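The values are calculated or read from the model by the stated rules, or taken from the named source; none is laboratory data. Remember, predicted model here, so these are calculated numbers, not experimental data. When we count neighbours, we look across all protein chains shown, and the Cβ atoms used for this are built from the backbone with ideal geometry, even at glycine.
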Amino acid sequence: MLQIYPALVRRRALAVRLAVLRPVAPEDLLHDPGSSLAAPLLADLGAELVQLRVDATQYAGTYYFRDGDEEVALPAMIRVATSLAETGRSAPRPDVRVAAALLAGAVDDSARVLDDQFLHTGGGTAEILEAYARAHQRAAHD
């Protein structure tokens, strides 16, 4: 049981990181041709999502843990990652576009694992993430 707590901490930390980024306009962050922050940020978020995908497979029980506050709930905050990935695809810098594609791939892969293991929507990433958010929102209010 104690082995799942680091996985929960990683999931909640990523959610908080995304919550902090939520008020920032993605275009301001990703479309500045002089910024050296955008590509590493997207790559880091992608790496964190890859770790969470591994955690979901290794510690499947963590799926059933609910987070009360929206800011620490990945199902509520993952849309920030998808927005950053979508906006980054049209960034002027090639390194940002590549990092955005990596982040999008990590989101898609995480969604697929969630769907295969828990949600069973058979849909695309957007549909899976909506189902993920609804499932956790319902459980938080029960």
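Structure summary
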read-out	value
Subset of the range 35-49 (residues that are part of a helix (DSSP H, G or I) and surrounded by 16 or more Cβ atoms within 10 Å (Cβ to Cβ))	Ala38, Ala39, Leu41, Leu42, Ala43, Leu45, Gly46, Glu48, Leu49
Looking only at the range 103-142, and only at residues there that are more than 23 Å from Arg66 (Cα to Cα) and within 12 Å of the chain's Cα centre (by Cα), the one that is surrounded by the most Cβ atoms within 10 Å (Cβ to Cβ)	Leu103
Subset of the range 57-96 (residues that are crowded, with 20+ Cβ neighbours inside 10 Å and either among the small types (Gly, Ala, Ser) or in contact with a strand residue (DSSP E or B) (Cβ under 6 Å, 6 or more places away or on another chain) (or both))	Ala73, Ala76, Ala81, Ala85, Gly88, Ala91
Unmet criterion (only one of (1) outside any helix (DSSP H, G or I); (2) under 29 Å from Glu27 (Cα atoms); (3) touching a helix residue (DSSP H, G or I) at 6+ places or on another chain (Cβ under 8 Å); (4) not basic (Lys, Arg)) for Pro92	(3)
Residue in the range 124-131 that is over 14 Å from Ala15 (Cα atoms), in a loop (DSSP other than H, G, I, E, B) and not acidic (Asp, Glu) present	yes
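Here's the yes/no breakdown for (1) in a helix (DSSP H, G or I); (2) modelled with pLDDT under 95; (3) within 16 Å of the chain's Cα centre (by Cα); (4) at negative phi:
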position: Val16; (1), (2), (3), (4): yes, no, yes, yes
position: Leu29; (1), (2), (3), (4): yes, yes, no, yes
position: Pro33; (1), (2), (3), (4): no, yes, no, yes
position: Gln51; (1), (2), (3), (4): yes, no, yes, yes
position: Gly68; (1), (2), (3), (4): no, yes, no, yes
position: Met77; (1), (2), (3), (4): yes, no, yes, yes
position: Val80; (1), (2), (3), (4): yes, no, yes, yes
position: Thr87; (1), (2), (3), (4): yes, no, yes, yes
position: Arg97; (1), (2), (3), (4): yes, no, no, yes
